[in-house]
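*Asks:* Attaching a single structure in C-alpha cells format; questions to follow.
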Amino acid sequence: MNKNVRIALLFLGLLFVWFLSGFVSDTQKKEQTSKKKAVSQSVQALNLKGQMYSPQLILKANTEAFRELKLISQVSGKIREIYVTEGSVIDSGETVCEVDAEDKFSKLDSAKATLEESKLIYEGAIELDQKGYQSDLAISQAKSNLLRAQANVDRLSLDIGNLNITAPFRAFVEEIPVEIGQVVSVGMICASLVELNPVKIVADVDFDDIHKIKLDSKVFYKTNNSPPRAAKILFISKKANEFTGSFKIEALVENPAMDILAGLPARLFISMEETLAHFVPASSILLSDNGNTIVKVVKNGIVNSKEVSVLGESESGFWISGLPSEISVITVGQNYVVTGDHVNVNITNN
C-alpha cells in the first residue's frame, strides 16, 4: 500500500471519528434537552365551581324632572297675592298666585238675578202656550234668553274659580315671573313648577344590549356622591335614534326629599338574566395570540387554554363565562406554560 493510499485512509478514519463524535455529542445534547423538558413546570391552580351570576349593564345617564309645568292664568286681572317663593316646595292643590276678583262677584250676583228672571219668563210662556195664548216665537225667545243667562252665570262662576291658581301636584317652585299688582291676561305664566318625586333617569342603550332590558329588570341608580338607590324601568323605546342608533330608556327613582336634582350625570346599573359564571383573580385573565380573552386551566397535569367572556368585575377579580361547571384555573405560573404542557400542580379549593 503506497503512501497516498495510507494518507487517504487516515483522513477518512479521522473524518469518521469526527462525525461519530459529533453525532454522539448531538445525541447527548438532545438527551439533556429531553431531560430538561421532562422536568415539569410547577404551577398553582384554583378549583372553581360555577355559580349563577347576574351580569350588570352599566349605562351613562342623566336625571330629569318627572314633570315640568308652567302655571298660567285663565282669567285677566291684577295679581292680588303670591303665596309661595321661588325655591319652595308646594303640595298638590296649594294656591300659588291669586288674581284680584275686582267686580266679578257683583257681576255674578247680577247674572244670577237675570237667570232667575229668565226662568220665570220662560215658565210663564210655557204656561200661556198650554192655554193657547202664546206663540212659538215668544217661547223660543224666552228659552234663548234663559240659556244665555245660564251661560253667563257659568262663565262668571268659572272665572271666580280660576282666581286662585293652584298646583296640580307636589312640586318645586322653579320660577315666579310675576309680581303683586301686575296685570295679567289669559295665558300669562304665574309660576314654573318642577316635579322631582319621583325623578326620571334617562339613558341611551346600544342595539346589542337593548333586547336584554325588560320592564321588570332589577335596576339601581347611582351618582358619584350618593349611595345606590333602587329604580324601576318606566319606558323602553322601540325606535332607534336616527343619528346615534341608540335606544332611549327611562327609569324612575323615588325622591321624597327631592335631593336628586334634575340635569345631573348619573349611572344606571341594570341586572341581566342569570348565567353560569366563575369568579377568577384578575391576574389569571390572559390574551391569546389572536386577541381573545383566555384562562389557562389544568386537568390531570395537562395545561389547556379556554376562551372566556368577562361578565363583570370587582376589586378582587372578574366574573367570566365559557367554562364547565367545575374546573381548575391556573392562578400562578400561567404565563410560563402553554397548551399541552405537563405541569406539577398545587391546587387550592375555592
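The values are calculated or read from the model by the stated rules, or taken from the named source; none is laboratory data. Source: prediction; values computed, not measured. Because the Cβ atoms are built from the backbone with ideal geometry, glycine has one as well, and the counts that use them run over all protein chains shown.
*Asks:* Step by step: first the residues of the stretch 54-101, then only those that are of a type in the set (Gly, Ala, Ser) and not in a strand (DSSP E or B), then the one that is surrounded by the most Cβ atoms within 10 Å (Cβ to Cβ). Which residue is that?
*Replies:* Checking each candidate, the answer is SER73.
*Asks:* Residues in the stretch 198-239 that are in contact (Cβ under 8 Å) with a residue 60 or more places away in the chain and not in a loop (DSSP other than H, G, I, E, B): how many?
*Replies:* The number of residues fulfilling the criteria is 10.
*Asks:* Test ILE210 against the criterion of being aliphatic (A, V, I, L, M) and modelled with pLDDT of 95 or more, and give yes or no.
*Replies:* For ILE210, the condition - aliphatic (A, V, I, L, M) and modelled with pLDDT of 95 or more - is not met.
*Asks:* Any idea which of (1) more than 29 Å from the chain's Cα centre (by Cα); (2) under 23 Å from PHE207 (Cα atoms) is the one ASN335 doesn't satisfy?
*Replies:* The number of the failed condition is (2).
The rows are residues; the columns are (1) in contact with a Leu (Cβ under 9 Å, 6 or more places away or on another chain); (2) in a helix (DSSP H, G or I).
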{"residue": "ARG267", "(1), (2)": "yes, no"}
{"residue": "GLU273", "(1), (2)": "no, no"}
{"residue": "GLY291", "(1), (2)": "no, no"}
{"residue": "VAL297", "(1), (2)": "yes, no"}
{"residue": "LYS306", "(1), (2)": "yes, no"}
{"residue": "ILE327", "(1), (2)": "yes, no"}
{"residue": "ASN335", "(1), (2)": "yes, yes"}
{"residue": "VAL338", "(1), (2)": "no, no"}
{"residue": "ASN344", "(1), (2)": "no, no"}
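*Asks:* Follow-up. If I ask for residues that are at pLDDT below 90 and surrounded by fewer than 15 Cβ atoms within 10 Å (Cβ to Cβ), which ones from the stretch 301-346 would you list?
*Replies:* GLU313, SER314, GLU315, SER316
*Asks:* Among the residues of the stretch 254-263, is there at least one that is surrounded by 13 or more Cβ atoms within 10 Å (Cβ to Cβ) and not in a loop (DSSP other than H, G, I, E, B)?
*Replies:* For the stretch 254-263, residues surrounded by 13 or more Cβ atoms within 10 Å (Cβ to Cβ) and not in a loop (DSSP other than H, G, I, E, B): absent.
*Asks:* Sticking with this one: State the number of residues belonging to the stretch 89-125 that are of a type in the set (A, V, I, L, M, F, W, C) and within 48 Å of the chain's Cα centre (by Cα).
*Replies:* Residues meeting the conditions: 5.
*Asks:* Within the stretch 156-189, count every residue that is touching a helix residue (DSSP H, G or I) at 6+ places or on another chain (Cβ under 9 Å) and aliphatic (A, V, I, L, M).
*Replies:* The qualifying residues number 3.
*Asks:* I would also like to ask the following. Hey, GLY181 hits all of (1) exposed (fewer than 13 other Cβ atoms within 10 Å of the Cβ); (2) in the same structural domain as SER106 (by TED's automatic domain parsing); (3) closer than 23 Å to LYS104 by Cβ but one; which does it fall short on?
*Replies:* (2)
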